[in-house]
Each structure stands twice: as C-alpha cells, then as structure tokens.
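The values are calculated or read from the model by the stated rules, or taken from the named source; none is laboratory data. What you see is a predicted model, and the numbers here were worked out from it, not measured in a lab. No Cβ is skipped: glycine too gets one built from the backbone with ideal geometry, and neighbour counts run over all protein chains shown. With ligands, DNA and RNA removed, areas are computed over all heavy atoms of the protein, side chains included. Shrake-Rupley method; radii C 1.70, N 1.55, O 1.52, S 1.80 Å.
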Amino acid sequence: MERKIELKKNAYKRYPCETIIYQHNDFGKGFCLKKTRIYDKIGKLIKEFMGLSIGIVGLPNVGKSTLFNALTQNKAEASNYPFCTIDPNVGIVEVPDERLTKMAGVIPTQKIVPAIVEFVDIAGIVKGAAEGEGLGNKFLANIRQCDAIAEVVRVFTDANITHVTGEINPTSDMETIKMELILADLETAGKRTAKLTKDIKGDPKLKETLALVQKIQTELEKGKTARELGLTEKEIGHIKDLNLLTLKPHIYIFNVDEEHLTKNFQFPISLPRRQAGNFQSNPNEKNSKMTDSGQARMTEKDYVIISAKIESELNELSEEEKKEYLAELGQSETGLNRLIKKGYDLLGLKTYFTAGEKEIKAWTIHKGDKAPQAAGIIHTDFEKGFIKAETVDWKDLVENKGWSGAKAAGKVRLEGKDYVVKDGDVMIFKFNV
C-alpha cells in the first residue's frame, strides 16, 4: 500500500507543489520515502508534518546505515566500506503506541494514525572532516534542521567489518565526533560573527547578539559544546537560526553484540568514563557523579543500547516470534521503541489523542503545553478560536467503553485555556473562528 501526500500550492512559497509517496509496511513498522533527496527539496515542511526528527551521525562502519535500515526498513545501501551513505537517507517511522489499538477496541473508527518520527542518516564522519578528510563535513547541513542528534558508537566486534582507525575504541570515537561537530559549529559561528560585525554599523541593536555569538565562538574554540554553556532561553532565542549542532539534545546509541544485551555484562573494552549502569569501564572506580575533568558522568538518560544486527533480524520475524526472541535476550521491547522513548524524554515531548469515527490519532506536543497550544498542532484556527476542550484520560475512555460511557461515569471534564495537557489525554476541542 502507498500513502500519497500532496503539498498544496503556496504552502511554502519557495517550493513547488509536489506529491510525496511513502511506501507503507505493516502497522508499527514504519514508512519510508521512495525518494531520499526529497529531504533536500522540502526540508522544514516535511519536518513539520512529522513532529520529531532525529539525525543519525557516527564514524564510518559503526552500523549507522544498518541501524537506519532496521529502524525504518528502508533498504539504504549498507556495505562494508566507508562513506557508503552519500546522500542523506530519510526514513519515517510510526511511533509504537498500544494505547491507540486499545482505544480502537472501544471506539469504531476508520483508521489509526500513530505519531511519526523522522530519522536522517548521513555519510560517516572521520577525524579531520572539517579540513576535508573523507567526504568532509558538508553533509552535516542535512541534520541542522533535526530536533536531536543520535550518535551511533561501535561496541560490537566483527573481523569482517573494518574500523576506520584500526581499533574499536568508543571513547576515542565519541571524542572524534564531538570535535568535528564543534568545528562545524565554529565555522557557522565565524560566518555569523563576520556578518553581524558588518551589519551592526546600521543596527546597533545587534550588539547583544554579536557579543553572544562571540562568547559561544570562544567556548567552542576551547573544545566545549554549546550545550555545556548553560545558555538561557533568551540567549538560545537569539541564536536559534544558527541551528548549532552541539546545542541540540544528543543521544548516544551503543551498537553492541548480542551478548552485550545480557544484564550485568562487563565490556572487555574501554568505554567512556561519562557513564552509568552496565557501561562501567573501570569496575574499581568510585561511584562518583563527576569525572576527574569535572564533567558529569553519563547516565541512562544519555544513551540507549542497541544491536543493529538483532534489530534487523527482528524485522524478519512474526510478532509472536519477536516476543520470544526478545524474551530470550532479556529485553522487554525492541531497540526502536527504546530509542524513540529516549528521544521523547530528551526533548520533553508527550502524546495526546483525538478519537472518533473517522480516526484515532496521536499528536506530539511539548511537556507544559496548554490546551490551546495542543489544539494549534491540529490547526492554527483551533488555537486562535479556542473555547474549551472535552478531556478524558485514555484509560478511562477504554474502561468505560467509549465517550458515552466515560461521560456517564463522570470521567469527561471541560478544560479551559490554562489547562496543561497531560500525556494520554484524549481531547475534543471546541473553538470559534
């Protein structure tokens, strides 16, 4: 089955009217673009359609494309040689959410529409990319519009898959990617500094922004990421259009062997000191929250453990076989599910629903969003003319067999403009344009 999405004329003036065709797999497994270059053509517009976008980075041969293929079932080329990914591969994945199917069990509906996540896979980055090594860092531009960055770090061992440096060293690999992202941001900040220095002569109000960009530039030169600078919301607003890579939320994906998924397994190789749980490079190390360098240790919020090979194998199994395989591995869910949840947590996202005869749909919003903002995700008119919202928790909706039962049980309430939407709320908006 194919899904066609037609972009209306003048929806985004710089782009022509186009039709995007997605190849649809079984529910919960994902969508994939047939044309990988569509990302270049319509950038922000497609991002707005999907809600959450994650850029995948890493050294060559760490399993980025294998993981991308497993996550999206988009057969991007994944060969054993560096730079097999040149153009950015874009995959669209449905967010697995059992709440949707449970609500569909009590509300007859024509279709179920899950929330969507976009994954963007770019060419591997090598040390010296900023100076033109490998394919350089020009492909980083393809993930500047992403909401977060997921860095794939190789932990698995395979003599048939070469490592670009000749040895598997996660600590060194992470430092390499960090520095290349910093160098890319330095280039961006340098260009903006030059422009502001010129423009400030005609607009003195730019003085504050120039000082901020220069401050960031100075800290980047010291090897710090923009995330480490503790910028205020106001400051971030001033430089938002720079889309600094090191300012984006960052998730580490440790691509491991099957045995690494076993609980309490100790890795026989050096792993980053900023870690917790099973990732303990030195078992004798004191349980301190800081490293000797003063950096906060990595916690489970910072990473997810995935075996790209196993994720690929899971795609070939039935749902029942998949559950059995995961149980054997001591896992309660797939790596895809854990990665998406990690992304939602990292970005402070949550889900609310609309449920009716035409469709039951999941909508992605930020934690703290109020009812009018949630309504605006559906249509700007909903936010502008917001009056109130009939609201019920999804569990109450299911337990009471639908809207009528929930209302009879007194579970449906009216919420106004100041109501902060909760994860799992099911809402019907009342508005007046």
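Overview of results
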item	result
Residue within segment 284-293 that is at pLDDT 50 or above and open to solvent by 50 Å² or more (accessible area, probe 1.4 Å) present	no
Condition broken by I269, with the remaining ones in (1) open to solvent by 20 Å² or more (accessible area, probe 1.4 Å); (2) modelled with pLDDT of 90 or more satisfied	(2)
Of all residues making up segment 405-426, the number that are charged (D, E, K, R), out of contact with any helix residue (DSSP H, G or I) (no Cβ under 6 Å at 6 or more places or on another chain) and within 23 Å of L349 (Cα to Cα)	4
Qualifying residues in segment 51-65 (those that are at pLDDT below 85 and under 20 Å from L346 (Cα atoms)) - the one surrounded by the fewest Cβ atoms within 10 Å (Cβ to Cβ)	G51
Scope segment 379-407; condition within 19 Å of E357 (Cβ to Cβ), part of a helix (DSSP H, G or I) and open to solvent by 50 Å² or more (accessible area, probe 1.4 Å); matching residues	S404, K407
V420 surrounded by fewer than 14 Cβ atoms within 10 Å (Cβ to Cβ) and among the β-branched types (V, I, T)	yes
Subset of segment 142-165 (residues that are touching a residue at least 60 places away in the same chain (Cβ under 8 Å), open to solvent by 60 Å² or more (accessible area, probe 1.4 Å) and small (G, A, S))	none
Yes/no for K207 being closer than 29 Å to N142 by Cβ, of a type outside the set (V, I, T), open to solvent by 60 Å² or more (accessible area, probe 1.4 Å) and more than 23 Å from the chain's Cα centre (by Cα)	no
Residue match in segment 125-138 (condition: among the hydrophobic types (A, V, I, L, M, F, W, C) and at pLDDT 85 or above)	no
Near pairs, Cβ below 8 angstrom, 6+ apart or cross-chain, from segment 166-181 (closer than 14 Å to Y252 by Cα) to any residue that is of a type outside the set (S, T, Y) and open to solvent by 50 Å² or more (accessible area, probe 1.4 Å)	T171/R273; T176/K127
Qualifying positions in segment 211-261 - exposed (fewer than 13 other Cβ atoms within 10 Å of the Cβ), of a type outside the set (A, V, I, L, M, F, W, C) and out of contact with any helix residue (DSSP H, G or I) (no Cβ under 7 Å at 6 or more places or on another chain)	T218, K222, G230, T232, E233, K234, G237, K240, D241, E259
Search result, residues across segment 326-366 that are out of contact with any helix residue (DSSP H, G or I) (no Cβ under 9 Å at 6 or more places or on another chain), surrounded by fewer than 21 Cβ atoms within 10 Å (Cβ to Cβ) and touching a residue at least 12 places away in the same chain (Cβ under 8 Å)	N337, R338, Y344, D345, L346, L347, G348, E357, K358, E359
Complete set of residues in segment 321-357 that are under 25 Å from G55 (Cβ atoms) and of a type in the set (F, W, Y)	Y344
Matching entry among Q73, Q110 (being modelled with pLDDT under 80, of a type in the set (S, T, N, Q) and touching a Lys or Arg at 6+ places or on another chain (Cβ under 7 Å))	Q73
Residue count, segment 101-114 (criterion: over 13 Å from W403 (Cβ atoms) and part of a helix (DSSP H, G or I))	3
Hey, L242 of a type in the set (A, V, I, L, M, F, W, C) and farther than 30 Å from I305 by Cβ or not	yes
Filter pass, E311 being closer than 23 Å to K64 by Cα and surrounded by 19 or more Cβ atoms within 10 Å (Cβ to Cβ)	yes
Selected residue (only one of E235, E180, E208, E219 is part of a helix (DSSP H, G or I) and at pLDDT below 90)	E180
In segment 183-205, the residues that are among the hydrophobic types (A, V, I, L, M, F, W, C) and in a helix (DSSP H, G or I)	L183, A184, L186, A189, A194, L196
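One line per residue, one yes/no per condition, for (1) outside any helix (DSSP H, G or I); (2) modelled with pLDDT of 90 or more; (3) surrounded by fewer than 22 Cβ atoms within 10 Å (Cβ to Cβ); (4) of a type outside the set (A, V, I, L, M):
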| position | (1), (2), (3), (4) |
| --- | --- |
| F68 | no, no, no, yes |
| P96 | yes, no, yes, yes |
| R99 | no, yes, yes, yes |
| E118 | yes, no, no, yes |
| L140 | no, no, no, no |
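A quick yes/no check of all residues on (1) touching a Lys or Arg at 6+ places or on another chain (Cβ under 6 Å); (2) of a type in the set (S, T, Y); (3) closer than 16 Å to L244 by Cβ:
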{"residue": "T193", "(1), (2), (3)": "no, yes, yes"}
{"residue": "K198", "(1), (2), (3)": "no, no, no"}
{"residue": "D203", "(1), (2), (3)": "no, no, no"}
{"residue": "K207", "(1), (2), (3)": "no, no, no"}
{"residue": "Q214", "(1), (2), (3)": "no, no, yes"}
